[in-house]
Structure formats: C-alpha cells, structure tokens
1. Could you work out the relative contact order of chain A? I mean the mean sequence separation of Cα pairs under 8 Å and 6+ apart, divided by the number of residues, in percent.
2. Can you compute the label reach from residue B:69? Point 7 Å from Cα along the Cβ direction, backbone N cut-off under 18 Å, restricted to region A:55-69.
3. I'd like the mean, over residues of B:249-256, of how many other protein chain beta carbons sit within 10 Å of each residue's own Cβ.
4. Determine Rg/Rh for region A:82-240; Rg is computed over alpha-carbon atoms and Rh is the Kirkwood hydrodynamic estimate from the same atoms.
5. Would you compute the Debye intensity of region A:1-139 from its alpha-carbon atoms alone, equal scatterers and no solvent, and pass along log10 I(q)/I(0) at q = 0.19 Å⁻¹ to two decimals?
6. Just the Kirkwood number for the protein assembly as shown, please: inverse of mean 1/r across all distinct Cα pairs, in Å, one decimal.
7. Using helices alone, what [θ] at 222 nm do you get for the protein assembly as shown, with -39,500 (n - 2.57) per DSSP H run of 4 or more residues, divided over all residues and rounded to the nearest 500?
8. Once you sort the root eigenvalues of the Cα gyration tensor of chain B as a ≥ b ≥ c, which label holds: rounded (a/c under 1.5), prolate (a/b larger than b/c) or oblate (the other case)?
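What follows draws every value from the coordinates through simple rules; no lab data is involved. Please read these numbers as outputs of a predicted model, since none were measured by experiment. Neighbour counts run over all protein chains shown; Cβ positions are idealised from the backbone, glycine included.
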C-alpha cells in the first residue's frame, strides 16, 4: 500500500476516534490490505495521538482468547500501544458515551522493571523482568462500524484498544503460577465467567514473551516501567451506562470498573 | 411418593444393572411420567441398598448440576445430590477401564472432608468452612446410564446423579487463607487445554454446594457426618473421554490430578 493510503487510513481512524464516529472496515475498501500495511496504519494513528500530547506507556496483546480468534478466524495474537490518555483509576466512573461500542474484558497486567528485548525472550526472562502484576480491565472499542473487523481492521485500529483500569494491589510473580490462577468475572454482581490464566497462550507469561519476541523482531523493546496487558481471559462483555464489573484473580486480588 | 415400593425396586434394578453392565437405557420418566423428585431420591436409596447388600460401602457424597448454566438448562434452583461408592475410587495417576463405562465424561472439582457434622436447615458457607477439615482437588468421571446423556431432573437423581468413578488428588489443605472462589483449575486432555474454571463456577462458592446438601438432608431428618468426603460439583464443563485419552487437571495451590483411560 502506498504511503499516501497508509496516511489516509491512519488519519481516518484517528478522526473516527476523536469524533466517536465509526468508519467502514478498511478490508472492504482495501481488499488487498496486508497485516504489515495494517500495522503501518496503526503507527500513523498513534503518531496523531502523540502529536496531540499523549505518550506511550505500554503495550497490549489482542486476539488471544479462543472466542475472539474464532470470531476473526485468525489464530495468532496481535498487538497495540497503550497511551497516557487511556488510563482510568479504579473507582473512577468511565463515561460510556466517551466510546463508540465499548466492551469490557478482564486480564492480567504486567508492570516491567527491566527492558525485554526480543527475539529470544523466554518465559523465565519475563518473570525476571516483571516488577509486579495486577488484575485489570481493558475496555476495548472499535472505530470500525459494528465491530465488523477482520484481523487487518483491528490491527490498524490499534488492536481495538479503548481505555484500561488497573486493580489496586501489585503482586510479585514469585511463588505465583499465573497459568492456574483462577479468574471470576462479575457484571452487575452476577458471575458471567470463570477461567484461569491458561486461557492466554497457556499462561499470561507466555503471552508477554510472545509480545517481546514479536516486537523485538520489529526493533521495538518492551521497556522498564511499561504496562503490558497480556490478553483477555474473559469473553467480551458489552457495556452500557450504569454497568459495573468486578474481576477477582486467585492470589492476585481484584479490579473493579463502572460506567456512567 | 407417587409410586409403590415394588416399582421403586424394579427401577433401581433397571438403572443399577445398566451401570454394572455398561449399557445405556431409556430414561425412566418415559414409562413413568408421574415420577416426582422424591421418587427419584427413593430410587437412588434403593440402588444404595442393593450395593450395600453386596458388601459395597458409601465412600462419599456428591453434588451435581451445580453450575449456573446446567441449572438454568434443567430449570432448577438447587443442585442434585448423589452417592459415591468404594469401587468408584481410582488412585491419582491410575487407569480407568472404559469397557466398564458407557460414555464417560470428566469434570474438575473441589472436594471437602469434614471434621464436624453438618446439620441443616440453615446451613451456610460459613458453617461449612468451620466444619471443614481440609479440601482436596478431585476429578469426577460421570457416566449417565441414559441414552446420549439426555435426562430430566427426576431421571438423573434416580440414576445416582450419573456417579461412576472419581479420582482424589494428593494435596490436602486446610481452608484457612484460601479463597476457594478464585481457585483456578486447568484441565488438559492429551496435553491440550480443554477446560478452565475458577471455584466460583459452582454456585458462587463451592462450599455453597455442601451447605445445600446439608439442608437437603435435613429435610429428610439426616445430616452429613463428620469425616465425610464430599465432592462439590463440576466447576469445569464435562469433557468426553475415550480409551487412549489421558487427563490432567492442575489446581491452583492444590497440585494436580491425573488419570488414563484404557
């Protein structure tokens, strides 16, 4: 795809984000779009956000759960960047109308104390580089109309990232096997799903290693101090004003989020 | 009770021989649509009497249909309860002969061993935790005697809630400081993850299933005796298994449970 088209689509997605007006799938307008093109479009969209004053504070992994993979018919994860404008504090109400079609998903966030420079990053490297982990909610959103996304659409749209909330208690990974850590998710007080860390590539630690290696191949490190969202362990849950969600992870504590 | 003792005995024989001969049968409510839930439990008790007369002993109690999805599907508010017998126990890591079973499925759960009796009515999660000696991880092998695992509430109760085999893990822990709601379980079949859950999948808290069992027994003038081994019901979905399969379930803080089907 030509640089002009990359810029055009990146700008269109940025405008859709700012105006909260979704656009038609890129895969409908650019049938030949590759995943590489999509990442270049993502980069353009991010450039626009950085130019408006935001900073990069971390990375996220998407398309990790079987449910989402089946929906997209894609069996590899993708990634996006976390920006300073995406953070909500726990307890702070998120205005539901600040997004287009928000959906909540519960996951485990890693906060790094050392850089992870792939390729060649192993699960042990991830354990060594992790300062602490926290339960978290990512509120995904799609700038593509009606979530009609193929893998190229969601990649271009920064892996459908919306905003995120970190739970209150940081925990060390020492003595904690995240693959068997259970997760209980409640929507408005009712249990909607239970799962365990193994739902994300066998363990969230593996997912972070995958991200370090995938980004490493592109010359991008995971940096000390960054937040890494390791991928949803719950189904995507539609969100409306007045909803509240709670997730509790065995050995890790909990995270709550509510919408106004 | 809407049926006579003779019918109860003959239905008990019908279901127990189906179990012992590993043969599926038509569900009992097809021929006896008037059967009530109490009749179902009476048939289950008659199956127990038949086994005890042959020298078998009750090894434990179990709750079934404990997940919200299953309860909704069956249109019930409380779980069902059944009995585990000595010959159903398989050692951790042991072999299970599929030739003795019809269409087995496995589910992961948390089992309780009591140090004090539990008596309803009014039994609650707090009372269960206070009476718990320890918890152990467990896998139940269920095997409905009914065609295609299709049954109604009365039929499954009469069929001893599909009890077939069970495997108890090797790590026993007191419940102090343990959050059974968030305790994670990961089931692998032939090395591949096939099911995951946290304890809350069972009625919001696995101890709730034990409390409801105590309340169920209280209505019949019985209690759960001290020392009882009780399986709180499948937290994961039930996964079909066949000869050649191996199952391993890893439990958070409770080690793992494994078995092979031959």
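1. Working: 614 pairs, mean separation 70.9, N = 260.
Computed value for chain A: 27 percent relative contact order.
2. Only A:65-69 fall inside the zone, counting backbone N under 18 Å.
3. Details: counts 1, 5, 3, 12, 7, 1, 1, 1.
Counting other chains' Cβ atoms within 10 Å and averaging over B:249-256 gives 4.
4. Numbers: Rg = 15.6 Å, Rh = 16.3 Å.
Answer for region A:82-240: 0.95.
5. With no solvent term, the Cα-only Debye profile gives -1.51.
6. Working: mean 1/r = 0.0402 Å⁻¹.
When all Cα pairs of the protein assembly as shown are included, the Kirkwood radius is 24.9 Å.
7. Values: 14 runs with 141 residues, N = 522.
Dividing the helical sum by the residues of the protein assembly as shown leaves -8000 deg cm²/dmol.
8. Working: a/c = 1.64, a/b = 1.18, b/c = 1.39.
Because a/c hits 1.5 or more and a/b fails to exceed b/c, chain B counts as oblate.
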